[in-house]
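Chemist: For reference, the structure I am asking about is given below.
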Amino acid sequence: MNFDHILGGLVGALSSAVLLALFCRRRLARTEEVLRHQFDVGEREAKLALREAQSDLDLKFKKRELDLNRDMANREDELKLRSRELERESERQAEQQIQLQATQKELMREQRLLSDAEHEAEKVRRLYRLKLHQVSQMDQEGARQLLIRSAEQECEQEIRELRRNKLGRAESEVADEAKRILLAAMQRITSQPMNDATATVVNLPSEEMKGRIIGREGRNIRTFEHATGTTLMIDETPDSVLISCFDPVRREIARIALEALLRDGRIHPSSIEDAVLKAEEEMHANVIELGEGALRKLRLHNVHPEVVALLGKLHYRLSNNQNTLAHSVEVANLCALIASELGLDPHIAKRAGLFHDIGKAVDEDYVGSHAAIGADVIKQHGEDARVVNAAAAHHQEVPAESVYAGLVMVADSLSAVRPGARASSIDGFIQRVRSIEEIAAAEHGVVEAYAVQAGREVRVIVAPELVDDDGARQLARRIRQRIEDQLNYPGTVEITVIREQRYSETAV
């Protein structure tokens, strides 16, 4: 029983050992399987990392290869560019070499020609010696012909000078013909000297009318001055009133209105306003009549009514006491006569002369010179382009586009400078000349200044060590600007700046 029990224990222990061995083997197999799996995973990860590293290396290699290829391409382009530049440089050098060779050939040819010329001159000298030897043996006529030919060759310079003198004489004849034309045109025009008109004076029937014109507390005179835009100057002068205004048209309206009030005798604000309105209507009709009268005198037509009114207003405007409308009519006649002498269209010339100063009648709403303003006005009313340019260019503010502008310039000067055309007192003339000289002498570097040609030109002498050429040009411009800003003068004033250096020595 004990044996069975021991045997059973041995069997149990053996079975337990077998089971334990099986369990250990199974666990060992499982452990080996886990280790094998981990090893496979590690191997795969190592292979993957190796492939990634190899891919990065491939990318870096390809990028580096591309960079190297790009650098090589750029260097190849630079080398090609340098090669082309070297080729062009070599071509230029080759061309220069060809030009140099051509120049050398030309110099050699010139040297040969010079040698030939010297040889020919020597032959000519020998020929002349031979001819001189023959002259001593030839007859009188042969010697005369030979002398004439020799004199012609020796007098070529004198012949050219004679030709220039002949041409100069022809130009002098042209200038004489121009003077004849101007004189013929001027002699066919008879114009009366202009009368002085410096103020508008209205005579009063009695001294008591001054008080009625002034009115209670000055209301009548204030109403009159406000309605007419003028100033009434009532001083101690007996039986007269002075009307003052820069606008001659307004001054004339005021004169007409005041004379109507004096005839009526009733002077109060309402009657003043009525009288001014009637005077304006009368003035407008008078302006139209004056403009139409000028057109009838010149036998012109197709003129816009506004231009006719502006022409009439010129009658009341003076330029150095010369009536502007009469001046314009005179210029128109001169232009037409000169145009007829020259074979031009007298109709166009007459219109250009009549309208050249029409800008002086335009009110202050326009800005600019009277030449530019007048040209704009007649251009707006459909005037011929040649007439418009002549009006704009008659003071040389714009370039002349036709010969009619020159005609207007000449006729304008002739009308202004003829005796009796423009009145000027000797005191005013002396003061203007002194003012021009003082303006010029006040500039830095001016040594002397002289006003010549009746104040139409000032000659300024400057110190050359103080004023250079550019400074002399700027000095002339400054003097012109100061004269334009500070002085009132007819026509134009030419400024001439003289800068001169002289060096002299005396040999003993």
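Chemist: Just a yes or no: is a residue in the range 319-338 out of contact with any Cys (no Cβ under 9 Å at 6 or more places or on another chain) and farther than 19 Å from Ser413 by Cα?
Modeler: There is no residue in the range 319-338 that is out of contact with any Cys (no Cβ under 9 Å at 6 or more places or on another chain) and farther than 19 Å from Ser413 by Cα.
Chemist: Contact list please: Cβ distance under 9 Å, first residue in the range 293-310 and in the same structural domain as Leu354 (by TED's automatic domain parsing), second residue assigned to a loop (DSSP other than H, G, I, E, B) and acidic (Asp, Glu), pairs at least six apart or on different chains.
Modeler: Once the first residue is in the same structural domain as Leu354 (by TED's automatic domain parsing) and sits in the range 293-310, its partners that are assigned to a loop (DSSP other than H, G, I, E, B) and acidic (Asp, Glu) give Val303/Glu383; His304/Glu383; Val307/Glu383.
Chemist: In the range 270-320, what residues are within 17 Å of Val331 (Cα to Cα) and in contact with a strand residue (DSSP E or B) (Cβ under 9 Å, 6 or more places away or on another chain)?
Modeler: The answer is Leu314, His315, Arg317.
Chemist: Kindly establish whether Arg75 is among the charged types (D, E, K, R), part of a helix (DSSP H, G or I) and modelled with pLDDT of 90 or more.
Modeler: yes
Chemist: Out of Arg459, Arg482, Arg478, Arg434, which single residue is in contact with a Ser or Thr (Cβ under 6 Å, 6 or more places away or on another chain), over 26 Å from Asn323 (Cβ atoms), modelled with pLDDT of 80 or more and not assigned by TED's automatic domain parsing to the domain that holds His395?
Modeler: Being in contact with a Ser or Thr (Cβ under 6 Å, 6 or more places away or on another chain), over 26 Å from Asn323 (Cβ atoms), modelled with pLDDT of 80 or more and not assigned by TED's automatic domain parsing to the domain that holds His395 holds for just one of Arg459, Arg482, Arg478, Arg434, which is Arg459.
Chemist: Polar (S, T, N, Q), surrounded by 15 or more Cβ atoms within 10 Å (Cβ to Cβ) and over 34 Å from the mean Cα position of the chain (by Cα), is that true of Asn323?
Modeler: So Asn323 does not fit the description; no.
Chemist: Answer yes if at least one residue in the range 441-454 is surrounded by fewer than 16 Cβ atoms within 10 Å (Cβ to Cβ) and under 27 Å from Thr324 (Cβ atoms), and no otherwise.
Modeler: Yes, the range 441-454 has at least one match.
Chemist: A further question on this structure: Are any residues in the range 227-245 closer than 20 Å to His284 by Cβ and not small (Gly, Ala, Ser), and if so, which ones?
Modeler: Listed by number, the residues that qualify are Thr228, Thr230, Ile243, Cys245.
Chemist: Based on this model, can you work out whether Arg263 counts as surrounded by 15 or more Cβ atoms within 10 Å (Cβ to Cβ) and not hydrophobic (A, V, I, L, M, F, W, C)?
Modeler: no
Chemist: Within the set of pairs 6 or more residues apart or between chains, which connect a residue that is closer than 13 Å to Ala391 by Cβ and among the acidic types (Asp, Glu) inside the range 364-376 to a residue that is loosely packed, with under 14 Cβ neighbours inside 10 Å and modelled with pLDDT under 80 with Cβ atoms less than 6 Å apart?
Modeler: No pair meets every condition.
Chemist: Can you name the number of the only condition in (1) in contact (Cβ under 8 Å) with a residue 24 or more places away in the chain; (2) at negative phi that Gly382 fails?
Modeler: (2)
Chemist: Given the conditions (1) touching a residue at least 40 places away in the same chain (Cβ under 8 Å); (2) exposed (fewer than 12 other Cβ atoms within 10 Å of the Cβ), and given that Arg482 satisfies all but one, which numbered condition is not satisfied?
Modeler: The one condition Arg482 does not meet is (2).
Chemist: Give the residue that is nearest to His327 (Cα to Cα), with candidates limited to residues of the range 237-291 that are outside any helix (DSSP H, G or I) and among the aliphatic types (A, V, I, L, M).
Modeler: Only one residue fits best here, namely Ile243.
Chemist: Which one of the conditions (1) closer than 26 Å to Leu342 by Cα; (2) crowded, with 19+ Cβ neighbours inside 10 Å does Val377 fail to meet, given that it meets all the rest?
Modeler: (1)
Chemist: Suppose we filter the range 331-374 for residues that are surrounded by fewer than 24 Cβ atoms within 10 Å (Cβ to Cβ), β-branched (Val, Ile, Thr) and under 16 Å from His315 (Cα atoms); how many remain?
Modeler: Qualifying residue count for the region: 1.
The values are calculated or read from the model by the stated rules, or taken from the named source; none is laboratory data. Worth saying up front: this structure is predicted, and the values here are computed from it rather than measured. Cβ coordinates were reconstructed from backbone atoms using ideal geometry, including for glycine residues, and neighbour counts include every protein chain displayed.
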